[in-house]
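> The structure's right below; bear with me while I get my questions together.
The values are calculated or read from the model by the stated rules, or taken from the named source; none is laboratory data. Everything quoted here is computed from the prediction, not taken from an experiment. Note that we place each Cβ from the backbone using ideal geometry, even for glycine, and neighbour counts take in every protein chain shown.
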C-alpha cells in the first residue's frame, strides 16, 4: 500500500459520512525544515488524523489550529509561512532547526470526495497522475506532470501547487535471496515501487517476500535489457546468487542511465569482475558509474545490516540535490 493512501482514505470516509475534514499540506520547504515539500495530513472533526507535516511543536500547533477551525465550521482556505527560527520577526514555528515551510490549510468540500476517490483508485492501481492544489481547492487528473513537484505563489497568496501522485521512484532488485528479502522489507516503507527479478523457481525467500509490488521469474538474466528501462527515478541493485549471474545481469544493463546502479559483493569479487569486463572490451567509464561494492561502509554483518547500508546509500543519492 502506498504510504499516502491512509490519509486520502480518511478524507474520503469523512466526506462520505458528512464529517468535516481539513487538509494540511506542505507546499514548499527550504533548508532544514523537518517537513519536506509534499508532506501532508488530514484532521477531521471527530479528532481522527492521518499523515504528517514533519512532527514536533509546529505540527502540534497546526493540528490544534485545524481542530479549532473545524469547530467553527466556517471553512478554511489559508496559506501559512513558518520560519524555524526564534529570532524571526514573525511566522515563528516554535522550532529552531532553521529552514522554513509554506503550509496550506483547506476544509474539504463534499464535491472533493469524488476527487479523493479518483486519486485513491489511481494509487491502488499503482498509476501516476497530477494532484493540483490552489485557493479554489483540489483537483486530480491522470496526466503525469513533467516534475515531481511545482509551486508558484504571488504576493496575494494566490498559488498553484502540482505534484506527481503515486510512486515517484522505482527500485529494481535483481536476485531474490535473503539479502533481497531484508532489503525489500526495509525499502517497502519508502516511496519506491519495487520489482524483484530472479531465475530460480520455488525459492523460499521469494515466497516469503510480500514487500515488493511485482516479482518476475526470468529464463535468463539477459532478459533484463528489455525489462528495466533507463530513467532518472530508477534505482537498480544486483544481488544474485553468485558471480556468474551477477555478471550476466550487469552486462544486460550496462549503458543504461539510472539514478542509482549498484552490485553486492566483496571488494575482491568486484575487482575481478570489472577487470574481466574491461578485458572483454567494456569501457571503464561505464563501470565507474556503478556503486560497487554496494552500500555505505558500516561494517555490516547480518542481512539486515547489509540492507540498512544499501538503503542508506540509495537515500543519500536520492536526496543529494535537496538543500
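> Filter segment 245-258 down to the residues that are in a loop (DSSP other than H, G, I, E, B) and either surrounded by 15 or more Cβ atoms within 10 Å (Cβ to Cβ) or over 25 Å from the mean Cα position of the chain (by Cα) (or both) and list them by number.
Scanning segment 245-258 gives 254, 255, 256.
> Taking residue 264 and the conditions (1) over 18 Å from residue 194 (Cβ atoms); (2) buried (at least 16 other Cβ atoms within 10 Å of the Cβ); (3) in contact with a strand residue (DSSP E or B) (Cβ under 8 Å, 6 or more places away or on another chain), which numbered condition does it fall short on, given that it satisfies the others?
Only one criterion is unmet by residue 264, namely (1).
> Hey, can you tell me all the residues within segment 99-123 that are assigned to a helix (DSSP H, G or I) and farther than 20 Å from residue 164 by Cβ?
Taking segment 99-123 and keeping what is assigned to a helix (DSSP H, G or I), we get 112-123.
Hits for segment 99-123 are 113, 114.
> Mind checking which residues of segment 8-34 are farther than 25 Å from residue 124 by Cβ and out of contact with any helix residue (DSSP H, G or I) (no Cβ under 7 Å at 6 or more places or on another chain)?
Listed by number, the residues that qualify are 27, 28, 29, 30, 31, 32, 33.
> Can you find, within segment 234-244, the residue that is surrounded by the fewest Cβ atoms within 10 Å (Cβ to Cβ) among those that are at pLDDT below 95 and not in a loop (DSSP other than H, G, I, E, B)?
In this case the residue turns out to be 244.
> Which members of segment 29-51 meet the condition of being on the phi < 0 side of the Ramachandran plot, surrounded by fewer than 17 Cβ atoms within 10 Å (Cβ to Cβ) and free of Cβ contacts under 8 Å to residues at least 60 places away in the same chain?
Residues satisfying the conditions are 46, 48.
> Right, here's the next one. Tell me the strands (runs of 3 or more DSSP E) entirely within segment 152-206 that contain at least 1 residues that are out of contact with any helix residue (DSSP H, G or I) (no Cβ under 9 Å at 6 or more places or on another chain), without any contact (Cβ under 8 Å) to a residue 12 or more places away in the chain and under 30 Å from residue 104 (Cα atoms). Quick ask: steps written out before the conclusion?
Details: elements: 159-165, 169-174, 192-198.
Filter on segment 152-206 gives an empty set.
> Here's a follow-up. For segment 280-305, what are the residues that are touching a helix residue (DSSP H, G or I) at 6+ places or on another chain (Cβ under 8 Å), over 21 Å from residue 253 (Cβ atoms) and part of a helix (DSSP H, G or I)?
Once the filter is applied, which keeps residues that are touching a helix residue (DSSP H, G or I) at 6+ places or on another chain (Cβ under 8 Å), over 21 Å from residue 253 (Cβ atoms) and part of a helix (DSSP H, G or I), segment 280-305 yields 303, 304.
> Would a scan of segment 125-133 turn up a residue that is assigned by TED's automatic domain parsing to the domain that holds residue 26, buried (at least 16 other Cβ atoms within 10 Å of the Cβ), assigned to a helix (DSSP H, G or I) and in contact with a strand residue (DSSP E or B) (Cβ under 6 Å, 6 or more places away or on another chain)?
Within segment 125-133, none of the residues are assigned by TED's automatic domain parsing to the domain that holds residue 26, buried (at least 16 other Cβ atoms within 10 Å of the Cβ), assigned to a helix (DSSP H, G or I) and in contact with a strand residue (DSSP E or B) (Cβ under 6 Å, 6 or more places away or on another chain).
> Is it the case that residue 16 is modelled with pLDDT of 95 or more, in the same structural domain as residue 147 (by TED's automatic domain parsing) and out of contact with any strand residue (DSSP E or B) (no Cβ under 9 Å at 6 or more places or on another chain)?
Considered against the rule, which asks whether it is modelled with pLDDT of 95 or more, in the same structural domain as residue 147 (by TED's automatic domain parsing) and out of contact with any strand residue (DSSP E or B) (no Cβ under 9 Å at 6 or more places or on another chain), residue 16 comes out as yes.
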